[in-house]
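Here's the structure we're looking at; comments come further down.
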Amino acid sequence: MAVLDEETKTYQEHKQELLSKAKGKYVLIKGKEIVGIYESEKDAIKIGIDKFGNVAFLVKRIEEIDQNQNYTSFLIKVG
Amino acid sequence: MPSKTFITPSLQAEGPTLEVQFMIPVALEEQYRKASKPIPTPIVVKALIDTGASNCIIKDGIPQKLGLQPNGTIKINTPSSKNHLCYKYFMRMFLPSYGVTYEGEFTATALEEQTIESLIGRDLLQHGILIYTGNANQFTFSLL
């Protein structure tokens with residue numbers, strides 16, 4: 001997955017530092033830059049749009065173990 | 001609280017569905033207007049209200065038709081797979097039946113069904129009330 005690979009790597013590199021100071025909040029990352037930490041996902045995304053426009057950037061909840069989303073529907077075509 | 005009751009003979013076979021429109025987010029539309037860029041036309045789809053979905057789903061390809069870029073990734077679990085990596089898109093969904101707009105994250109993935117192009121999951125349902133009256137082929141969905 002090429003898009004957001006760099007941002008994901010940046011998150012992993014700073015994960016412990018982010019966890020220690022902002023667990024449960026949302027981080028906005030563009031490339032190698034940690035742009036900011038926000039209380040809500042929507043705030044982070046809106047600031048990302050204002051700052052960067054319509055480009056890929058990463059907004060991620062800062063947590064020790066990432067939570068998966070769960071679906072019971074057989075409509076979803078994966079695997 | 002906007003509330004609407006739908007009577008549909010295919011309720012058992014199809015499930016509770018709504019016609020919705022997907023658009024780019026408000027913040028992006030404002031940027032486009034300032035830059036005199038054309039606003040992408042809303043995409044009309046049929047969405048299934050799915051209490052078995054933890055989050056809202058959009059069929060892969062629809063965010064791309066609106067020219068949107070992803071704002072995150074997420075792993076999903078389904079009956080047939082675990083830890084499937086998907087992109088997330090911040091999108092605006094308009095529900096014409098209610099005159100209500102919802103802005104939030106949609107997880108993009110392929111969907112088997114040709115007519116259902118979105119799942120309305122519990123992240124949106126937490127703001128509403130769903131009453132399924134199977135013996136009358138009707139459901140009522142209210143948004144808080």
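No value in this document is a laboratory result; all are computed from the given coordinates. Keep in mind it's a predicted model, so treat the numbers as computed, not measured. When we count neighbours, we look across all protein chains shown, and the Cβ atoms used for this are built from the backbone with ideal geometry, even at glycine.
Assorted remarks:
- Each Lys or Arg adds one and each Asp or Glu takes one away; over the other residues whose Cβ falls under 14 Å from the Cβ of B:Ser97, this sums to +1.
- Legend: mean number of C-beta atoms from other chains within 10 angstrom of residue C-beta atoms, peptide B:110-116, equals 3.
- For the stretch B:35-112, the residue among B:Pro40, B:Ser81, B:Tyr98 whose Cα projects farthest onto the positive side of the dipole built from Cβ charges is B:Pro40.
- Computed about the Cα centre, the dipole magnitude for chain A is approximately 120 debye when only Lys and Arg (+1) and Asp and Glu (-1) carry charge, each at its Cβ.
- Cα-based shape type of the stretch A:5-61, given that a ≥ b ≥ c are square roots of the gyration tensor eigenvalues and the cut on a/c is 1.5: oblate
- Cα-Cα over 23 Å, subset of A:Lys60/B:Lys75; A:Lys25/B:Lys75; A:Lys30/B:Lys46: A:Lys30/B:Lys46
- Summing +1 for each Lys or Arg and -1 for each Asp or Glu among the other residues whose beta-carbon sits under 14 angstrom from that of B:Ala108 gives +2.
- Looking at the protein assembly as shown alone, DSSP beta bridges between its own residues are antiparallel in about 85 percent of cases.
- Scoring B:31-41, A:7-17 by mean Cβ neighbours within 10 Å over their residues and listing the highest first yields A:7-17, B:31-41.
- Cα extents of chain B along the three principal axes, largest first (Å): 52, 37, 26
- On Cα atoms only, tilt of A:41-52 relative to the major axis of chain A in degrees: 60
- Residue by residue along A:45-55, Cβ atoms of other protein chains within 10 Å of the local Cβ number 5 on average.
- Mean partner shielding of peptide B:87-96, defined as the number of other chain Cβ atoms within 10 Å of each residue Cβ, is 2.
- Exceedance of the 32 Å cut-off in Cα-Cα distance is limited, within the set A:Lys21/A:Lys46; B:Lys4/B:Lys82; A:Lys42/B:Lys37, to B:Lys4/B:Lys82.
- Over the stretch B:3-143, relative contact order from alpha-carbon pairs under 8 Å, at least 6 apart, %: 34
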